[in-house]
Amino acid sequence: KTTLTYAGGFGNFGWRGEGAINSFILSQKWTDKLMSVHQFDVLNTSGTTVVAGGGNFATNGVAGDSTGLINYLFYEIDSKWKAGARQEWYKADGVSYNTFTYGVNYKPTANLTIRPEMRHLWSPGGQNVAGALPGITSTYGSSNVFGVDAIFKF
């Protein structure tokens, strides 16, 4: 019912530069339908950080160092529906970023999963960063995003 996993990687991270990441993942199956997952990440890269207005926010979206804690909670409603929530906290180059996401997974067939979600993003130290990150067009301190994706297995 309990699993602890370590994963790490190092080398060229593309636009982030050279570096390494370490991840620890703790999973717990509480009941047949309820599961939680907790993930702790530490990333260090040589990415160049551009600082805006004397603050610590990387306006080009590249943070050299970051630490993250991600918590998931899943509840299986039935064989086709699963509800989920995710809370994320990242600290990148001195600025904290938070998200809370909730949604459902709908699996109409064994090969297709459809995942609508609502995401709330906020960053107490990251105000006035409109347009700084891909897809963020308002102040990061108070963004809400609705999204849908699909996974097709073949």
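The values are calculated or read from the model by the stated rules, or taken from the named source; none is laboratory data. All values derive from a computational prediction rather than experimental measurement. All Cβ positions, glycine included, derive from the backbone under ideal geometry; neighbour counts span all protein chains shown. Surface areas here come from the heavy atoms of the whole protein model, side chains and all, with no ligands, DNA or RNA. Shrake-Rupley method; radii C 1.70, N 1.55, O 1.52, S 1.80 Å.
Being surrounded by 14 or more Cβ atoms within 10 Å (Cβ to Cβ), modelled with pLDDT under 95 and closer than 19 Å to N71 by Cβ, is that true of even one residue in the range 104-119?
yes
Tell me whether the range 16-25 contains one or more residues that are open to solvent by less than 50 Å² (accessible area, probe 1.4 Å), within 12 Å of A92 (Cα to Cα) and modelled with pLDDT of 80 or more.
No, the conditions are met nowhere in the range 16-25.
Identify, please: which residue in the range 122-154 is at pLDDT 85 or above and not β-branched (V, I, T) and is, among those, least open to solvent (accessible area, probe 1.4 Å)?
If we take residues in the range 122-154 being at pLDDT 85 or above and not β-branched (V, I, T), then G147 is least open to solvent (accessible area, probe 1.4 Å).
Can you tell me which residue is modelled with the highest pLDDT among those in the range 41-81 that are open to solvent by 80 Å² or more (accessible area, probe 1.4 Å) and under 18 Å from the mean Cα position of the chain (by Cα)?
Among residues in the range 41-81 that are open to solvent by 80 Å² or more (accessible area, probe 1.4 Å) and under 18 Å from the mean Cα position of the chain (by Cα), the one modelled with the highest pLDDT is L73.
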